[in-house]
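The values are calculated or read from the model by the stated rules, or taken from the named source; none is laboratory data. None of the values given here were measured: they were computed from a predicted structure. Note that we place each Cβ from the backbone using ideal geometry, even for glycine, and neighbour counts take in every protein chain shown.
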Amino acid sequence: MLNEKEDAVMTTQEACQYLRISRPTYLKYLYTGRIRGVKVGKGWKVLKSELDRFLKGDFPYTPIPISFAMEMPNKALP
């Protein structure tokens, strides 16, 4: 089981500060699947352990192309 620090839920702003990347870059990583998160209301939530996984370079799946990912919010999935 994860400890409390790894289980911490982070907002977009907190995640960007932790990763030291811009908000647009962070959102691109979410949309392409490089970072797994959950859309809650108008914002995104992600576990700190997920950000640590991302920093280590562990990608257990193939991210989707950015051109497709940027279209996803505007289109309904089948």
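Mind listing whichever residues of segment 33-78 are in a loop (DSSP other than H, G, I, E, B) and either modelled with pLDDT of 95 or more or closer than 16 Å to Glu14 by Cα (or both)? Across segment 33-78, the qualifying residues are Ile35, Arg36, Gly37, Lys42. For segment 6-32, the set of residues classified as part of a loop (DSSP other than H, G, I, E, B) and over 11 Å from the mean Cα position of the chain (by Cα) consists of Glu6, Asp7, Ala8, Arg20, Ile21, Ser22, listed by residue number. Looking at segment 1-32, which of the residues that are among the hydrophobic types (A, V, I, L, M, F, W, C) and exposed (fewer than 11 other Cβ atoms within 10 Å of the Cβ) is modelled with the lowest pLDDT? Ranking the candidates gives Met1 first.
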